[in-house]
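This report refers to the structure that appears directly beneath it.
The values are calculated or read from the model by the stated rules, or taken from the named source; none is laboratory data. None of these values were measured; they are calculated from a predicted model. Positions of Cβ are backbone-derived with ideal geometry, glycine not excepted, and every protein chain shown enters the neighbour counts. When the accessible area is computed, the model is the full protein with side chains, heavy atoms only, and any ligands, DNA or RNA have been set aside. Shrake-Rupley method; radii C 1.70, N 1.55, O 1.52, S 1.80 Å.
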Amino acid sequence: MITSEQLKDLMDRVDNLYRYLSIEDKKIQLQEEELRTQAPGFWDDRKAAEEQMKKVKDLQKWINGYQEVRMAADETSLAFEYYKDELVTEEEVDEDYRKALASLENLELRNMLRDEEDSMDCVLKINSGAGGTESQDWASMLMRMYLRYAEMQGYKTRISNIQDGDEAGIKTVTIEIEGDSAYGYLKSENGVHRLVRVSPYNAQGKRMTSFASVFVTPLVDDTIEVEVDPSRISWDLFRSGGAGGQNVNKVETGVRLRYQYTDPETGEEEEILIENTESRKQLENRENAMRLLRSQLYDRELQRRRAKQAEIEAGKKKIEWGSQIRSYVFDDRRVKDHRTGYQTSDVNGVMDGKIDGFIKAYLMENGGASQNS
């Protein structure tokens, strides 16, 4: 059973979190923000009203989150006292403690997502590496892993573009993920993921290594100002089928957006290429491709800011796009993150979307800083 020291540590952390989160200030601010929603003509400017309602909702979320943690901790403390009077069992006390600790750690983790973009939805793109069928199969396994993770978090997902592999798997997929702090949590997945296994596609049954790249950007909405130069945009049209081979069109509804991007600091030019095949309607695919372009441009601006910040905070570890961040070794029953050293033997669980341990370890080590810092 838990010790009195463990219980004291739990209660101290809950008290400290109350101060860290400035719960008392948030309660006062919530009252003020709610009063603004009661002003005459509040909904006349719908966009401003929705922003105000989001402020209220965010404040309420933090207050409710802390109240849940406090209640769980108090119930654990009460159970600990009841045990002395033989009113509850050791197992019941330990179970209350486990729930309270998990609730506390989740809120502590959310408090580490301090950057403005952390609260945003995200775009997650997976590209298979060199290696043909084997790497394309690996890319599809990662797609399933992230879709399962999103499902467990209660996130909404939408596949805006997918290209099947030559024989199996996928060459690339773009997934839009919507939910509470989706970018804040999934930014830790940015980089190259390495698979080592006995390949089912190798007749000799050899152990093979495959790579796939994961690229995560914030999904911007209309409230984020991003400058797009229309003169630098060109469009290609092509026939597209829906995910899984459905809706094979005889008309050109798939769109390919090309944007000639110039780095404002170096002057280097680069073509940004975005494909969208989500809808049967060309106009909708164009609109969504533009939204994805704005997300990429916003992310590039963030990267520039983070790079400058990293020069100042030279002691922090910098994660570059293209770095190998994690290895999944199926034969040895081991998944290891090379940035944090966190590893687990539950390979099946990880591939079923249980990646919270890796995300938590990354955020704890990087202090909630952005992936690009």
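A few points about this structure:
- Counting only heavy atoms of the protein chains and using a 1.4 Å probe, GLU68 has close to 120 Å² of accessible surface.
- Under 5 Å between amide hydrogens, built in the peptide plane, is the criterion, and for VAL88 it picks out TYR83 among residues at least 5 positions away or on other chains.
- Of LYS125/LYS187; LYS27/LYS55; LYS57/LYS156; LYS125/LYS171; LYS171/LYS281; LYS8/LYS354, those spanning more than 22 Å from alpha-carbon to alpha-carbon: LYS171/LYS281; LYS8/LYS354
- The calculated FRET efficiency for VAL198 paired with MET364, based on their beta-carbon distance and R0 = 30 Å, is about 0.35.
- Helix 90-110 and the longest principal axis of the Cα set of the chain meet at an angle near 50°.
- P(r) tail fraction, the chain - alpha-carbon pairs more than 32 Å apart, %: 45
- FRET efficiency for GLU287 and ASN64, using Cβ-Cβ distance with R0 set to 35 Å, rounded to 0.05: 0.50
- Each label was represented as a point 7 Å from its Cα along the Cα-to-Cβ direction; for THR157 and ASP332 these points are 2.8 nm apart.
- Qualifying GluC sites (Glu not before Pro) in the stretch 1-50, where qualification requires a DSSP coil assignment and no more than 10 other C-beta atoms within 10 Å, are lacking entirely.
- Degrees between helix 4-20 axis and first principal axis of the chain (Cα, 0 to 90, nearest 10): 60
- Rolling a 1.4 angstrom probe over the stretch 1-42 with all protein chains present gives an accessible area of which 49% lies on carbon and sulfur atoms.
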